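Since the structure comes first, as structure tokens, the remarks are kept for the end.
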Amino acid sequence: MALRSAAERQRELVLDILQVFTEGSEGSRKRTAGVREIVDRSVELFEPVARARGQTLSWDPLPWSEVRVVGDPSRLERVVSNLLDDGVRYALSTVNVVAALEEDFVRIAVEDDGPEVPEELTHNLFTRLGRWRGSRGDMGVGLYFCRITVEQAGGTVGYDRRRGGGARFWVRLPRAPATAARAT
């Protein structure tokens with residue numbers, strides 16, 4: 001059952017990548033998504049998994065109720081879910097989702113206390129079929145999907161080593177103008 005679920009997720013991810021390439025960036029830049037909504041749904045999905053692994057998954061949604069970013073809501077939710085999937089997969093005990101305003105952007109980071117990505121692999125993290133931290137059966141398309149989705153929305157992605165150990169994967173998305181229409 002778990003193998004079928006993993007295969008189906010990989011299939012959906014590949015289909016999403018193909019759709020992102022065929023649509024171009026115009027569609028993503030016309031839509032907006034609420035930061036709280038996309039992170040809340042992703043955290044809700046991974047909280048039971050983290051709990052079953054004895055991990056703590058934290059996120060403070062309170063300051064993010066009205067903040068919107070540019071991008072397709074379902075794809076941005078998948079981006080955050082991909083980052084959480086990796087965080088929960090490799091964390092020893094804690095995974096934190098942290099959001100911050102950076103001028104006209106919102107940065108959403110997933111931090112974990114697992115192993116750092118070896119220096120020699122950091123250049124390959126967001127490339128097609130890039131592998132990292134042992135890639136336990138991972139096809140290497142999740143971070144690639146994150147990169148192309150976020151770039152089409154006008155943002156950037158990245159990885160940082162955390163002081164004291166662990167990994168921080170982040171996306172930086174353009175903040176939607178206050179007058180932007182809500183996505184459907």
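The values are calculated or read from the model by the stated rules, or taken from the named source; none is laboratory data. Quantities reported herein were computed from a predicted structural model and do not represent experimental measurements. Ideal geometry is used to build each Cβ from the backbone, glycine not excepted, and the neighbour counts take in all protein chains shown.
Looking only at residues in the range 29-60 that are out of contact with any Gly (no Cβ under 8 Å at 6 or more places or on another chain) and in a loop (DSSP other than H, G, I, E, B), which one is farthest from GLY87 (Cα to Cα)?
ASP60
Return the only residue of VAL49, VAL97 being buried (at least 20 other Cβ atoms within 10 Å of the Cβ) and in contact with a helix residue (DSSP H, G or I) (Cβ under 7 Å, 6 or more places away or on another chain).
VAL97 is the lone residue from the list that is buried (at least 20 other Cβ atoms within 10 Å of the Cβ) and in contact with a helix residue (DSSP H, G or I) (Cβ under 7 Å, 6 or more places away or on another chain).
Using the structure shown, decide if LEU92 is among the hydrophobic types (A, V, I, L, M, F, W, C), under 21 Å from GLY164 (Cα atoms) and over 14 Å from the mean Cα position of the chain (by Cα).
Considered against the rule, which asks whether it is among the hydrophobic types (A, V, I, L, M, F, W, C), under 21 Å from GLY164 (Cα atoms) and over 14 Å from the mean Cα position of the chain (by Cα), LEU92 comes out as yes.
Of the conditions (1) charged (D, E, K, R); (2) closer than 21 Å to ASP160 by Cα; (3) modelled with pLDDT of 95 or more, ARG51 fails just one. Which one is it?
Answer for ARG51: the failing condition is (2).
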